Amino acid sequence: MNTYTNFKHKFLINKLKRLCYCPAYFAGCEIYRLLNYSTLPELAYSIKKGSIILDSKLLFGRRKTSAEEQFLYLVNKYIVFIRNNFFIHATEMVLILEETLKSKYSKVLYSHLDFNKGDNYKMFYSEFKKMFLSTLLENYKKYYNGPLDDPMLSKLKTLSVENNIELEEVFTIFKQIINFRCSNLYYCFVTTSDNDNFEYGEQFYTVKWNTLIRDYIGSLNK
């Protein structure tokens, strides 16, 4: 990266950090923290210049908003959606959000659609679910090798976030599992590969998944 590009990137991130103080962003604190990591800045570098015309002046005091403000607003709506549906301890929340932003579905954050117009929110919520769940579901299929005598766990192995009906099933199941545990969930969201050089490798993730599911099933039998 040359000096000029590096300067432009730093200028953009500092600008976005200042925007975090806007009252329209209920998750400004989390966004600010994410801008200190790597994934959200990388996404921000790809924002295309432009403006969006909103239906209302309520959010920003004007109908016309910048692409950067729109991008942050959608990140904000994503974080609020996750906070409203999943009870995850604050110590892990930002780290998990960082992992989910790596999803290919994060491209929805570049949308110029007005979130609050008509039924647009339904499309955004669907994409938010895919962002949050895609790697989680992949990791479950890859690393959980425990008993599948529970119909829910067995069915989960066959579902896909690409199918809207199945996406809702995946969402409901993982919402139950995550809200049971609330913590020690980060490694379930980590994007891994067969070439991963993580110290404990596949065995580490397998233990994490088997423990999570075993404890969850145990809680249902109490």
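Taken together, the residues in region 157-169 that are part of a helix (DSSP H, G or I), aliphatic (A, V, I, L, M) and free of Cβ contacts under 8 Å to residues at least 40 places away in the same chain amount to 1. Among the residues of region 90-114, which ones are assigned to a loop (DSSP other than H, G, I, E, B), in contact with a helix residue (DSSP H, G or I) (Cβ under 6 Å, 6 or more places away or on another chain) and free of Cβ contacts under 8 Å to residues at least 60 places away in the same chain? Scanning region 90-114 gives S103, L113. Just one of (1) open to solvent by less than 30 Å² (accessible area, probe 1.4 Å); (2) free of Cβ contacts under 8 Å to residues at least 12 places away in the same chain fails for T5. It is (1).
Could you list all residues from region 1-14 that are over 12 Å from L72 (Cβ atoms) and either among the basic types (K, R) or assigned to a helix (DSSP H, G or I) (or both)? Scanning region 1-14 gives T3, Y4, T5, N6, F7, K8, H9, K10, F11, N14.
Quick grid of which residues meet (1) within 28 Å of F71 (Cα to Cα); (2) surrounded by 15 or more Cβ atoms within 10 Å (Cβ to Cβ); (3) among the polar types (S, T, N, Q):
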| site | (1), (2), (3) |
| --- | --- |
| F115 | yes, yes, no |
| Y121 | yes, yes, no |
| F128 | yes, yes, no |
| Y144 | no, yes, no |
| N164 | yes, no, yes |
| I178 | yes, yes, no |
| S183 | no, no, yes |
| F189 | yes, yes, no |
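Number of residues in region 147-197 that are more than 24 Å from I88 (Cα to Cα) and either of a type outside the set (A, V, I, L, M, F, W, C) or out of contact with any Ser or Thr (no Cβ under 6 Å at 6 or more places or on another chain) (or both) equals 16. Residues in region 15-41 that are assigned to a helix (DSSP H, G or I) and surrounded by 11 or more Cβ atoms within 10 Å (Cβ to Cβ): 14 in all. In this structure, does L34 turn out to be touching a Phe, Trp or Tyr at 6+ places or on another chain (Cβ under 9 Å), under 26 Å from L137 (Cα atoms) and touching a residue at least 12 places away in the same chain (Cβ under 8 Å)? No, not satisfied. Of all the criteria given as (1) hydrophobic (A, V, I, L, M, F, W, C); (2) part of a helix (DSSP H, G or I); (3) within 27 Å of Y37 (Cβ to Cβ), the one not satisfied by F87 is (2). One residue stands out among those in region 59-89 that are touching a strand residue (DSSP E or B) at 6+ places or on another chain (Cβ under 8 Å) and free of Cβ contacts under 8 Å to residues at least 40 places away in the same chain: the one that is surrounded by the most Cβ atoms within 10 Å (Cβ to Cβ), which is T65. Taking the criterion of being of a type in the set (D, E, K, R) and assigned to a helix (DSSP H, G or I), the residues of region 202-222 that qualify are E202, K208, R214, D215.
The values are calculated or read from the model by the stated rules, or taken from the named source; none is laboratory data. A quick note: this is a predicted structure, and the numbers were derived from the prediction, not measured. Using ideal geometry, Cβ is built from the backbone for each residue, glycine included, and neighbour counts are taken over all protein chains shown. These area figures cover heavy atoms from the full protein model, side chains too; ligands, DNA and RNA do not enter into them. Shrake-Rupley method; radii C 1.70, N 1.55, O 1.52, S 1.80 Å.
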